[in-house]
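The values are calculated or read from the model by the stated rules, or taken from the named source; none is laboratory data. Please read all numbers here as calculations on a predicted model, not as lab measurements. Cβ sites come from the backbone with ideal geometry, for glycine too, and all protein chains shown count toward neighbours.
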């Protein structure tokens with residue numbers, strides 16, 4: 001499979017036995033509006049992990065042997081669908097898209113928002129409910145503001161959360 005064109009490294013998904021080392025986790029980034037692409041690359045490279053950037057259009061990204069780009073067809077959920085179809089329970093997804101986060105949590109992946117907030121089985125139901133309520137309130141004109149702006153503290157929290165998640169996954173599968 002040609003990984004340079006954004007293919008998925010299926011070899012890392014081989015079931016392990018006592019003689020085969022566990023596959024490394026990969027990072028999948030919902031890249032279209034992600035403010036922490038550079039930070040995710042730095043952490044992935046430090047840990048030697050493949051990182052997949054999935055988007056609906058071409059974007060400039062750093063070059064490197066561990067960086068994969070996947071440009072999917074236009075469509076509301078095309079990038080989301082590609083990510084969900086390719087992740088495993090050993091993978092990490094970076095997204096601010098709450099419905100995508102819910103799908104990835106359901107698939108068993110670790111999910112982190114760009115501000116470092118983890119989405120978990122325990123939190124995703126309430127997070128979806130609040131998102132849906134806010135969508136309804138905005139559409140009725142009750143709420144006119146959006147989320148607060150992204151801050152340097154959010155960037156720092158993300159870096160720490162991603163690093164901790166990778167270390168936790170590596171410890172669990174060694």
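Checking each residue in segment 72-96 for being closer than 17 Å to residue 56 by Cα, without any contact (Cβ under 8 Å) to a residue 40 or more places away in the chain and part of a loop (DSSP other than H, G, I, E, B) picks out 72, 73, 74, 75, 76, 77.
Within segment 36-64, the set of residues being modelled with pLDDT of 95 or more, in a loop (DSSP other than H, G, I, E, B) and surrounded by fewer than 17 Cβ atoms within 10 Å (Cβ to Cβ) comprises 48 only.
A count restricted to segment 65-76 and to residues that are over 17 Å from residue 45 (Cα atoms) and surrounded by 15 or more Cβ atoms within 10 Å (Cβ to Cβ) stands at 3. Screening 101, 96, 109, 79 for residues that are within 13 Å of residue 158 (Cα to Cα), buried (at least 16 other Cβ atoms within 10 Å of the Cβ) and in contact with a strand residue (DSSP E or B) (Cβ under 8 Å, 6 or more places away or on another chain) leaves exactly one candidate, 96.
When you scan segment 131-148, how many residues do you find that are part of a loop (DSSP other than H, G, I, E, B) and either more than 23 Å from the chain's Cα centre (by Cα) or at pLDDT 85 or above (or both)? Count: 6. Of the residues making up segment 86-96, at least one is more than 14 Å from residue 112 (Cβ to Cβ), at pLDDT 95 or above and out of contact with any helix residue (DSSP H, G or I) (no Cβ under 8 Å at 6 or more places or on another chain).
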